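Heads up: the structure comes next, in structure tokens.
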Amino acid sequence: MVLVTVRDNEPFEKALRRFRRKVEREGIRKDIKKNSFYLKPGEKRRLKQRLAEKRRRKAARRAQRKMPSKAPPPNSMPNGG
């Protein structure tokens, strides 16, 4: 549970900002969104697989950017012809 006490002479907006930051850090909004509707076990498994594949592709793109290949550009023709 997130608890924020408003200090003396502290603007309400500042306390609200601290509250939002704590809620975000705790992951409460993510949890509420995840549990806002029911997913059947098979759907949950497929969603998990899709997210894992997305992470793998993203990691591969990042790795490729760090180590660019020495291959020629795809529009150039071999043997100069």
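So Gln64 passes all but one of these: (1) loosely packed, with under 10 Cβ neighbours inside 10 Å; (2) at pLDDT below 95; (3) over 17 Å from the mean Cα position of the chain (by Cα). Which condition number does it fail? The single condition Gln64 does not satisfy is (1). Whenever a residue of the stretch 17-43 is on the phi < 0 side of the Ramachandran plot and without any contact (Cβ under 8 Å) to a residue 24 or more places away in the chain, its partners that are part of a loop (DSSP other than H, G, I, E, B) and not aromatic (Phe, Trp, Tyr), lying with C-beta atoms within less than 6 angstrom and at least six residues away or across chains, give the pairs Arg18/Val4; Phe19/Val4; Lys22/Val2; Val23/Val2.
The values are calculated or read from the model by the stated rules, or taken from the named source; none is laboratory data. Given the structure is predicted, the values throughout are model-derived calculations rather than measurements. No Cβ is skipped: glycine too gets one built from the backbone with ideal geometry, and neighbour counts run over all protein chains shown.
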